[in-house]
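Heads up, the thing below is written out as structure tokens.
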Amino acid sequence: MKTLIRTIAASMIIAGTAALSTTAVAQVEKQDEKVEIRMTEVPSSVSETISSDYADWKASKVYKVIDPKTSKTVYEVHFTSPQGAPEKKKFSAEGKELDG
């Protein structure tokens, strides 16, 4: 009887640990949907669009984002405009500026 109780208790502990591990992995994946990267890490098409369309703007941060709706990679760039205003722009991996 003691062996049965120990076996059940051990099974419950293992099941609980597995559930917590799955939750932890899901949370890490959620956090990794937006990762700060260097400007040198964006695709050349994105870099070319920024160089031509935003030559007078200063990029302060760049993020690689997985769009939750499409599962596609989007590059979010935080700029300071020539007038000093903060701006955020999004680009597809192909270098096309996206709305929003």
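The values are calculated or read from the model by the stated rules, or taken from the named source; none is laboratory data. Since this is a predicted model, take the numbers as computed values, not measurements. Cβ coordinates were reconstructed from backbone atoms using ideal geometry, including for glycine residues, and neighbour counts include every protein chain displayed.
Numbers for the structure displayed
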| item | result |
| --- | --- |
| Any chance V65 is at pLDDT 95 or above, over 16 Å from E97 (Cα atoms) and of a type in the set (A, V, I, L, M) | no |
| Filtered residues of region 75-99 (kept if hydrophobic (A, V, I, L, M, F, W, C) and either within 16 Å of K64 (Cβ to Cβ) or out of contact with any helix residue (DSSP H, G or I) (no Cβ under 9 Å at 6 or more places or on another chain) (or both)) | V77, A85, F91, A93, L98 |
| Residue under evaluation Q31, criteria (1) more than 17 Å from the chain's Cα centre (by Cα); (2) modelled with pLDDT under 95, criterion not met | (1) |
| Hits in region 41-67 - residues which are assigned to a loop (DSSP other than H, G, I, E, B) and acidic (D, E) | D56, D67 |
| Among residues of region 53-97, those that are among the aromatic types (F, W, Y) and over 20 Å from E33 (Cβ atoms), counted | 3 |
| Residues of region 68-100 satisfying the condition of being within 11 Å of I50 (Cα to Cα) and assigned to a loop (DSSP other than H, G, I, E, B) | G95, K96 |
